[in-house]
């Protein structure tokens, strides 16, 4: 496989479509925890890196970004987290769907995918179907796609890139290569390899990703200019105080949680409370670029304060 040594692939889809199982199938073993209930096993973005066909691949398993019961605020919060933790961005996206009868909820999720991401996103995306055993005998995934306009439109936006695997039932020793998981994974990775090459190895960076990247770069420069010294104003002290309050609340029902786990959960809770919306992040970066670091710091403080009062 001709991929770079650190190809990052983000796996997107609703809860229950088999995202974690897809990741394990690609890796040829267990790497991600799999849930067996309607509730998502993946609560936050998580990543595992393994060597596949001579190159390192990082698979980023995401929560159910397109679940109908997820609020816009939750979605934005987790996307910001994913962006900052797995910067500078994925080289490829897998949009995971199930082979099944498409209800209005599935249709809505597909429409949301098309509306949420920019046109450039689809240059980095491949549609992957799970539960391929549900395909009627003799029917290919492309035959299945042709029977649904929304799916057809999505695959077309992705340059016709469409694959199918089954995480449970398809046998690796099948003579029919179309129903052989090893063959299907090989073909999928070949498509991703060709896509990465066509994109000249660039990772996906839309305006939101670029805004966060520039913000982090500015912060790094500020730290370097101040020789690593930290600055703690009232806003930062308030955030730290809120984290400590969360720690005390969590400790009351912590059970066997370690101090590190309690601290991480407290930070998560505080992050969700104070999460700046993406438009504000972009505005903050622009202000910092135009008017300088002082304005950037003021804008960040104002945005956090505004968020706390809503």
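The values are calculated or read from the model by the stated rules, or taken from the named source; none is laboratory data. As the structure is a prediction and not an experimental result, all values here were calculated from the model. A quick note on method: Cβ atoms are made from the backbone with ideal geometry, for glycine too, and the neighbour counts reach across all protein chains shown.
When region 145-159 is filtered for residues that are in contact with a helix residue (DSSP H, G or I) (Cβ under 8 Å, 6 or more places away or on another chain) and either assigned to a helix (DSSP H, G or I) or closer than 23 Å to residue 108 by Cβ (or both), the ones remaining, listed by number, are 145, 146, 150, 151, 152, 153, 154, 155, 157, 158. Those strands (runs of 3 or more DSSP E) of region 1-91 in which at least 2 residues are modelled with pLDDT of 75 or more and closer than 21 Å to residue 198 by Cα, considering only elements entirely within it, cover 7-12, 55-61.
Scanning region 123-140 for residues that are surrounded by fewer than 20 Cβ atoms within 10 Å (Cβ to Cβ) and assigned to a helix (DSSP H, G or I) yields 123, 133, 134. Does at least one position in region 203-218 carry a residue that is modelled with pLDDT of 85 or more, buried (at least 16 other Cβ atoms within 10 Å of the Cβ) and in a helix (DSSP H, G or I)? No, region 203-218 contains no residue that is modelled with pLDDT of 85 or more, buried (at least 16 other Cβ atoms within 10 Å of the Cβ) and in a helix (DSSP H, G or I).
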